[in-house]
Amino acid sequence: MNATNRNSCNNPTRPDPSITPPPPPPRLARPRPPPQLRSSNSSRRARAGAAEGAPIRPRQSSPAPAPPPIGKRGEMRGSSRRPVAVVMAWVRRQPPKVKAFLAVVAGMAALVFIRFIVHDHDNLFVAAEAAHALGIAVLIYKLTKEKTCAGLSLKSQDLTALFLAVRLYCSFVMEYDIHTILDTATLAATLFVIYMIRFKLRSTYMLDKDNFALYYVVLPCAVLALLVHPSTSHNIVNRICWAFCVYLEAVSVLPQLRLMQNTKIVEPFTAHYVFALGVARFLSCAHWVLQVLDTRGRLLTALGYGLWPSMVLLSEIVQTFILADFCYYYVKSVFGGQLVLRLPSGVV
């Protein structure tokens, strides 16, 4: 046996270099999973990487759509706004003189409209008394249901009861008609409101806010009634009382407006009441103005001579303009959907 055979016998595991090994089998391509499985596999790998503390790359989201372009006044182009809101916004941007002019124009337009639809102008006076009674009914509902008189002026109610009592006396001794019945019902409701505020709901009364001095309005009205009163055939005392109730009615709402000016916030029922007073004053003023226009001034001579006819019209106009500013903010608040009326400084 030669050396080569001897080495192969001693190392049986050593391959023979003379024998060529067979080629390796070809590698088969691994099939790719469908897209659904690939996404699930990637999510599983992401969860596994998060469990091991590896950072996760955030998914890229599609960019958000661009907001619509904004106009010069901060309004979105293409947005639909109610016509009333557009008109109110335009009026709010006008200077005070333009607002006053627009108020006069609106009042004249309302007078022309009323003149065409109301043939008996005495109905305007009845409607004014009905609006006043409706406002007091709102107060009674507030006092009986909510058990609070916050926001109400007791001094304004005292002035209302005073001029109603004087006017009721003049109505009994000078003329007895439908106005007497309306004044009686309104006076009874006002006395009930005063009783509730003064006794039942005294703890909720805003005494520190209701700080309008009554002698500022009572004394000037009394002096003016002594100087300017009707020149009819009635007793002088009755004529002075009639003039006093006309002047006092024109300024009886001033304590209520002063209280709202102090609080700057008017709750809904009080706002409804003051707005009803504004409507009543406008209807009463329209009654007198249309009567003068239809009689071509003869009504002024029927009321008497001197300054009295002019003072009657002036009292109605002053009372209407006192409440006009508040009524503007009331209408603005109602159309804006606000339950609580917020007054800016210097409104009333």
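Compared with the direct C-alpha span, the chain from Leu134 to Arg115 gains 4.5 nm at full extension, assuming 0.36 nm per residue.
Label zone of Tyr169 (point 7 Å out along Cα→Cβ, amide N under 12 Å): in region 228-242 this covers 237-242. Computed from backbone phi, the HN-Hα couplings of region 178-183 come to 5, 5, 5, 5, 5, 5 Hz, rounded to whole numbers (Karplus: 6.51 cos²θ - 1.76 cosθ + 1.60, θ = phi - 60°; Gly and Pro given as x). Put a dot 7 Å past the Cα of Asn262, heading toward its Cβ, do the same for Ala188, and the two dots end up 3.3 nm apart. Take the Cα of Ala106, step 7 Å toward its Cβ, do the same at Leu219, and the gap between the two points is 3.7 nm. Put simply, when 218-225, 324-331 are sorted by average Cβ atoms within 10 angstrom per residue, most first, you get 324-331, 218-225.
Where a number appears in this text, it was derived from the coordinates with a stated rule and is not lab data. Remember, predicted model here, so these are calculated numbers, not experimental data. FYI the Cβ positions are ideal-geometry reconstructions off the backbone, even for glycines, and counts take in every protein chain you see.
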